[in-house]
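Here the structure is laid out as structure tokens; the discussion comes afterwards.
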Amino acid sequence: MLLESLQGPSDLRAFSLPQLHVMAEEIRTVISQTVQQNGGHLASNLGVVELSIALHYVFDSPRDKMIWDVSHQTYAHKLLTGRYASFSTLRQTDGLSGFSNPDESPHDLFTTGHAGTALSSALGLAKARDLRKENEHVIAILGDASLTNGLTLEALSNVASTTHRLIIILNDNGFSIAPNVGAIAKILSRLIQHPTYARCKRLCKYFLNLIPGGSSCIPALRSMKRRIKSLFLPSSFFEEFGLHYWGPVDGHHLSDLIHYLQGCQKASSPMLLHVKTQKGHGNAAVVQHPEAFHGVAVKHNTPSTSVSNYSELLGRCLEHMMETDERVVAITAAMAHGTGLDRVQKKFPSRVWDVGIAEAHAVTFAAGMAKGGLFPVCAIYSTFMQRAVDSIFHDVSLQSLPMLICMDRAGLSCQDGPTHHGLFDIALLASAPSVIYVQPKNPQEWVDLFFSARQWQRPVLMRYPKSFSEPFPTISNAAFIPIGTAEILQEGHDICLCAIGPLVAVAQRLAPLFQEQGISITIINVRFISPLDETCLAALIPQHHLCVTLEEHVLAGGFGSLMATWMAHSGIRTPLYPIAWPQQWIPHTSCDADLQKRFGLDAASIFKKILQRWHSLS
């Protein structure tokens, strides 16, 4: 196997072109087998195998700097940079990350998992190189979907005025996670499909092949492409930004890729190489269904508890709401399938918008709709809501606009790791005035809060994890929950457990253990992070010797911090013990249980911690 003999990317230059083609197929096989076993991103990685080989064949990494946007498509890059032997540990506990990670290899520049950051980072590296008067190449590999991200467009407008040497690879596969949308996707399509240009190119090749020896002139067409194209596309979108544009190039044709990358290597101006790739290339099933094979779940060999996704629940509830209320609309940022909006997108295409990877725009767009008398439901993962903080404060909270933002994946995203854990949203957003912030304890309460939010006439943020193991709830007769009302599940007099979300069930499992120790427990499902149920909490907490908060969030600025501030201002002297994730980057692991045990947040560890704190009070 050629891949086994590869010690580093520089070894690629010793291989012939036929051998590189063999290596491409070996890489696809290894990626497919590993993802089938471990889960991970399949379609995007199969689509960039030749591009990864060509990049490492031409450039000298790590001296030359490659930055992959999002970096979920770096599996081939990892295999080419000395990580073949450990590739079987991909996305496993203490194994390789599913994203780029400088702790793994000097060939990885940044830990990245969010789209839109590569071009700004690369531009900064290029400017630093220029100021140091050095000459390494800086290459940013962008997906076409990243061009819909505001940060990428901001960087694009600054390239020409910042550096004279930067290489941008546009990996254009027509998809982010879902098919790309918006004006930029149409511009790229026109660049690829312009009929006059395409017909002219085909005719030139046809006639050259008819002439004896004419086929030898075909390579010369490469230098003519830009001149021919300018006859039909006189003002390329990218050239208006001061970039020298080449393309589109077949992203699965190794010799062409190498040729054009070598040209970029010699350029003395910022270059953009437009590479057309196919998601899932080499696997017919993945090519046919690239969205379904974007992220592949782990296949377990042993029976497990039946699990349902909150995204499916959102789709069903939203469908019911939209059927009965024509003012309800829905918005997502390139995550229709992941958030569950694809269900209503098919049924109500004129009332559902996918705005691309543009979370801040999604929220402010929703704010405009709310101001116009509609009720927007905006579905965005917790980790991606970090990019819309200003929109929440300035455009939603300040205007106190009635709308619902559903934040999926709040809590752990175990195999994706630190870039995707939803552990920071409370600290970032809960201080926004007028915003109602909730987290349901289970799917039935999720349904009740979802439909109640339509009646509250305020901005609502609802956070929840990816999945649940309880029975699928009834959605036709949702109970109304008044704003800021907690739920008392059990009353005692020693320790008051105040929990939100899935930690409510953990608190209930702990109650018998405390009872065995002769300790009386009160359990409160707080559910309203903001506003707190001050009446309930002020009446119960002072009756106890210890108050404990439980949450799936980082400790600093989380629910426990909010409780501590409120108790201090309310003059409640009961000792408070907040239990949450530490203020550090939490790594990836095979499953949530591994992380919970490692950081002392599994039920047994939580019980031990609370018991130790209880005994320390006496």
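The values are calculated or read from the model by the stated rules, or taken from the named source; none is laboratory data. Note that the structure is a prediction, hence the values are computed from the model and not measured. Glycine gets a Cβ as well: all are built from the backbone with ideal geometry, and neighbour counts include every protein chain shown.
Quick notes
- For the range 445-485, the candidate set comprises residues that are among the basic types (Lys, Arg) and part of a loop (DSSP other than H, G, I, E, B); within that set, the residue that is modelled with the lowest pLDDT is LYS466.
- When each of LEU576, LEU562, LEU555 is tested for being modelled with pLDDT of 95 or more, surrounded by 14 or more Cβ atoms within 10 Å (Cβ to Cβ) and more than 28 Å from the chain's Cα centre (by Cα), the lone residue that passes is LEU576.
- The residues listed here are VAL363, VAL328; of these, the one that is at pLDDT 95 or above, closer than 22 Å to PHE451 by Cβ, touching a Cys at 6+ places or on another chain (Cβ under 7 Å) and not basic (Lys, Arg) is VAL363.
- Any hit, the range 246-268, residues being free of Cβ contacts under 8 Å to residues at least 60 places away in the same chain, surrounded by 17 or more Cβ atoms within 10 Å (Cβ to Cβ) and part of a strand (DSSP E or B): yes
- The residue that is surrounded by the fewest Cβ atoms within 10 Å (Cβ to Cβ), counting only those in the range 314-325 that are in contact with a Lys or Arg (Cβ under 8 Å, 6 or more places away or on another chain) and more than 18 Å from LEU461 (Cβ to Cβ), is ASP325.
- Any hit, the range 544-563, residues being without any contact (Cβ under 8 Å) to a residue 60 or more places away in the chain, part of a helix (DSSP H, G or I), in the same structural domain as PHE599 (by TED's automatic domain parsing) and among the polar types (S, T, N, Q): no
- Consider the range 333-353 and keep the residues that are surrounded by 24 or more Cβ atoms within 10 Å (Cβ to Cβ) and over 19 Å from SER467 (Cβ atoms). The one that is modelled with the lowest pLDDT is ALA334.
- Those residues of the range 366-394 which are under 24 Å from GLN455 (Cβ atoms), over 23 Å from the mean Cα position of the chain (by Cα) and not hydrophobic (A, V, I, L, M, F, W, C), in sequence order: GLY368, LYS371, GLY372, GLY373
- In the range 402-422, the qualifying residues are those that are in a loop (DSSP other than H, G, I, E, B) and closer than 21 Å to LEU314 by Cα, and the one that is nearest to the chain's Cα centre (by Cα) is HIS420.
- For the range 31-41, the count of residues that are within 26 Å of the chain's Cα centre (by Cα), at pLDDT 95 or above, buried (at least 21 other Cβ atoms within 10 Å of the Cβ) and within 30 Å of ASP130 (Cβ to Cβ) is zero.
- Exclusive hit being in a helix (DSSP H, G or I) and either among the acidic types (Asp, Glu) or in contact (Cβ under 8 Å) with a residue 12 or more places away in the chain (or both), set LEU497, LEU428: LEU428
- Residue match in the range 103-115 (condition: hydroxyl-bearing (Ser, Thr, Tyr), assigned by TED's automatic domain parsing to the domain that holds LEU55, in contact with a helix residue (DSSP H, G or I) (Cβ under 7 Å, 6 or more places away or on another chain) and surrounded by fewer than 18 Cβ atoms within 10 Å (Cβ to Cβ)): no
- Some residue of the range 453-461 being touching a Ser or Thr at 6+ places or on another chain (Cβ under 7 Å), outside the structural domain of SER391 (by TED's automatic domain parsing) and under 26 Å from CYS317 (Cα atoms): no
- Considering each residue of the range 7-21 in turn, at least one proves to be surrounded by fewer than 15 Cβ atoms within 10 Å (Cβ to Cβ), basic (Lys, Arg) and either modelled with pLDDT under 95 or in a helix (DSSP H, G or I) (or both).
- Filter result for GLN415 (in contact with a strand residue (DSSP E or B) (Cβ under 8 Å, 6 or more places away or on another chain) and at pLDDT below 95): yes
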